[in-house]
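One structure is given here, and the rest of the page talks about it.
The values are calculated or read from the model by the stated rules, or taken from the named source; none is laboratory data. These numbers come from a predicted model, not from an experiment. Counting neighbours? That spans all protein chains shown, and the Cβs are built from the backbone with ideal geometry, glycine included. Surface areas here come from the heavy atoms of the whole protein model, side chains and all, with no ligands, DNA or RNA. Shrake-Rupley method; radii C 1.70, N 1.55, O 1.52, S 1.80 Å.
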Amino acid sequence: MSSLLSKALDPKSPSTQPRQRKGSLLRSFAPEVFFPSQSESGATVSTLVYVSQAVESFTYEEFRELVNAAHETNKKNKIAGYLLYSRGHFLQLLEGPMQSVATLWKKIKSDPRHTNCALVSYQHAAPKHEARKPGMSGLDIDMLSNQNELVEIVSKMLATISSSIILLQTFIQPPILDFLTAGINPTEILPRSTSGLIIFLNIRNMEELIGLYPISETVTLFNNYYETCMLMIHSKRGRIMKFIGDSILAYWPDETNIDLGISAVKDIMMHTAATRKTSPTNSILAHLIVGAGAAFGDVIEGNVGSIDKLDYTLVGDVVNIAARLAKKSITDSNHRFLFDASVFDRCQSNTIRVGQMQVKGRDAPLTVYSLRDKIMEYGNDSIALHPLPTAEATGMLPKETALSILQGEGVPTELTGDDEATLRLTYISERTCEFSDEELSELASRASTKNKLLDITGLLLVVDKYFIQTLEGARGNVLRVYDAIQKDPRHREVTTVLTTCISSRKYGEWNMRGEYLKPNSEDIILSSFAFFLSSISNSYSLLRRYSQPAVSNALRKGTLDYELNPKYIDGITWVCDVVSFTTICERLPSEEIVKLMNSFFQLAIPLIEESGGRITKLIGDCIVAAFPPDNVIQALEMSIELNKRIEEMRIGSELHSLIYIGMGMSYGRLFEGPIGS
């Protein structure tokens, strides 16, 4: 064990002991405990890692009491565990019999002493290791943080990782979070054919409202709308599959749930009508008008996308019909809720025939129905529909300039400000090759030589197969070095965990100090820390594949506070979807449809990103991307190249011969930012 490691992570080291305390921290916290464990019966073992935030700070004595109490409880339930605590943040591992871990996790989530419990990892597997003694071990990092610089890094990293995991799970698709909570890896879920009720919801006049109201008012509208819809859908046993701007995709499996879905739509209409009635005339909420479309039928449920970007979705003709009827309900109809014969034939509600409607993707017009209820008719809900106000009346100047965020304007000082400002940046990554002690020493030596020329200082740690590195120096130099690190083939899954401007350096004497920390079964702290890093890295990788690109990119760059603020932006919206997808769904089995969609996404997504575009949504067979305002030529050239490659893909492949695409792009003002409950 290195001297740095001894001082930083070994609580038996005298230099890390609080003066008023005697003995080893781990001796008082059951040092025999380690993982992974094995149940006596050989049954499936669950391994769970979570992060949370303490409601109130813990003193050392309170933390010790907490761990000792957990130790006794875990022994009775044959659970092994390890708990890290620092500055109000917990990171805990639990391992033991599947049912015992599940019961304890449920209890932990309801414990009032902490909040924002978020899973980092939850796995079930047959035991492969020798049994370890059940109980609980713990380390209060704060007791060591003033003694050593390494522990200071670990402490800050714990706090940042805790916030990042919670953030990613906040923005992730609801079905994915459900899978993770159940200990299921969503990437291993195979596509399946099923049937159900699909409902889309949209806001009427959304484009006009964005141009009339300040950003704060738009956020108010979105949040009220989302909270209302989520509450009503969940109360009627529906599943929210996706948020798409002002659209919500909801799903009710099985035809026995059709009337529950219809009831949810009616509740949403009644609630939004009441909101309009109680809102001032000039308020944006006075114009919250919702339209909905529904269809019932066969869908494919599963993953589509590319290697780096996945979307868990519903694909099928019925999804497209519901979406197009929802759009009709806010543009071309006097009825707010439209559905086709597939719903009419199965529902028990009082309905009315609206007539024939032509929708995209269908040769023949659809017979469309609605509910026989005044709340479903525009202007007949006893609430006057106010005319849209002028921009001046809402406080929004007609020519108010939107930020060109896609070009990087307005980004905080840490990233685009004074290049001479001193920046501290910490990241973790997984190494792709083995390092001996000598090779690590040589790596640190070369880095030190380069960093000296750039006046960059820092610390590099290798824990098992993971790098943890902190860089300090002039902002421009640090970001140039970090950019090179992200492109270095010796790293993968490079993730920023701390980016901040500083007034003084912590590693002023080290151009780059390197330490190779080798965990072993006798070293509980390093072994646990290596396992935590592994879980965190895997969790980041999984969550990023399903999260919105803006969120994962902000995590990588360390610009969460800024980039996730609501804002209006000027930019190019680019949309591409598959032509005649209805015919494809009718001709192919589910596995072939998913294979075809994945071929399309794997071809298109890299091209878009290489041309300066940013994927904002994958919606069934559709890709939505955003380009900076000045990238019109690049977007056009990319579209031509994509169409060319699709044509080449069709040659010589019966499956791919079915795929034709349509593309469109437009320039204008967009709303960007987090919305929801």
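Does region 240-248 include one or more residues that are modelled with pLDDT under 90, open to solvent by 30 Å² or more (accessible area, probe 1.4 Å) and part of a helix (DSSP H, G or I)?
Checking region 240-248: not a single residue is modelled with pLDDT under 90, open to solvent by 30 Å² or more (accessible area, probe 1.4 Å) and part of a helix (DSSP H, G or I).
Of the numbered conditions (1) touching an Asp or Glu at 6+ places or on another chain (Cβ under 6 Å); (2) at positive phi, ASP621 satisfies every one except a single condition; which is it?
All conditions are met except number (2).
Among the candidates GLU32, GLU56, which residue alone is modelled with pLDDT of 85 or more and at negative phi?
On the way: GLU32 fails: modelled with pLDDT of 85 or more.
One residue alone meets the criteria, GLU56.
Go through region 314-332 and report how many residues are among the polar types (S, T, N, Q) and open to solvent by less than 20 Å² (accessible area, probe 1.4 Å). It would help to see each step written out before you state the result.
Here is the first cut: in region 314-332, the ones among the polar types (S, T, N, Q) are 320, 329, 331.
Subset that is open to solvent by less than 20 Å² (accessible area, probe 1.4 Å): 329.
Residues in region 314-332 being among the polar types (S, T, N, Q) and open to solvent by less than 20 Å² (accessible area, probe 1.4 Å): 1 in total.
Wholly within region 555-662, which helices (runs of 4 or more DSSP H) include no fewer than the required count, namely at least 1 residues that are more than 20 Å from LYS360 (Cβ to Cβ)? Even if it seems obvious, please write down each step before you answer.
Details: elements: 560-563, 581-587, 590-610, 632-650.
Result: 560-563, 590-610, 632-650.
Given the options ALA384, ALA341, ALA391, name the one that is at pLDDT 75 or above and hydrophobic (A, V, I, L, M, F, W, C).
Going through ALA384, ALA341, ALA391 in turn, just one is at pLDDT 75 or above and hydrophobic (A, V, I, L, M, F, W, C): ALA341.
Tell me, which residue of region 211-227 that is crowded, with 21+ Cβ neighbours inside 10 Å and assigned to a helix (DSSP H, G or I) is farthest from the chain's Cα centre (by Cα)?
Ranking the qualifying residues of region 211-227, first place goes to LEU212.
Within the bounds of region 605-616, is there any residue that is small (Gly, Ala, Ser), free of Cβ contacts under 8 Å to residues at least 12 places away in the same chain and open to solvent by less than 70 Å² (accessible area, probe 1.4 Å)? Lay out the reasoning, then the answer.
Initial filter on region 605-616 (small (Gly, Ala, Ser)): 611-613.
Still in the running and free of Cβ contacts under 8 Å to residues at least 12 places away in the same chain: none.
Looking for residues that are small (Gly, Ala, Ser), free of Cβ contacts under 8 Å to residues at least 12 places away in the same chain and open to solvent by less than 70 Å² (accessible area, probe 1.4 Å), one finds none in region 605-616, hence no.
Just one of ASN146, ASN74 is in a helix (DSSP H, G or I) and either modelled with pLDDT of 85 or more or open to solvent by 10 Å² or more (accessible area, probe 1.4 Å) (or both); which is it? So that I can check it myself, show each step before the final result.
Values: ASN146 fails: in a helix (DSSP H, G or I).
Only one candidate passes the filter, namely ASN74.
Can you tell me which residues in region 183-210 are part of a loop (DSSP other than H, G, I, E, B), open to solvent by 20 Å² or more (accessible area, probe 1.4 Å) and touching a residue at least 24 places away in the same chain (Cβ under 8 Å)?
If the condition is that a residue be part of a loop (DSSP other than H, G, I, E, B), open to solvent by 20 Å² or more (accessible area, probe 1.4 Å) and touching a residue at least 24 places away in the same chain (Cβ under 8 Å), then ASN185, ILE189, LEU190, PRO191, ARG204, ASN205 are the ones that fit.
Quick check: anything in region 487-498 part of a helix (DSSP H, G or I) and open to solvent by 40 Å² or more (accessible area, probe 1.4 Å)? Working first, answer last.
Step one: list which residues in region 487-498 are part of a helix (DSSP H, G or I), which gives 487.
Now drop any that are not open to solvent by 40 Å² or more (accessible area, probe 1.4 Å), which leaves 487.
The answer is yes; a qualifying residue exists.
Restricting attention to region 282-324, report how many residues are under 30 Å from PRO214 (Cα atoms) and hydrophobic (A, V, I, L, M, F, W, C). First the steps, then the outcome.
Restricting attention to region 282-324, the residues satisfying the condition of being under 30 Å from PRO214 (Cα atoms) are 282-293, 323-324.
Right, trim to hydrophobic (A, V, I, L, M, F, W, C) and you get 284-286, 288-290, 292, 323.
Total satisfying the criteria: 8.
Here are some conditions: (1) closer than 24 Å to ASN320 by Cα; (2) of a type in the set (Ser, Thr, Tyr); (3) open to solvent by 50 Å² or more (accessible area, probe 1.4 Å). TYR667 meets all but one. Which one does it not meet?
(1)
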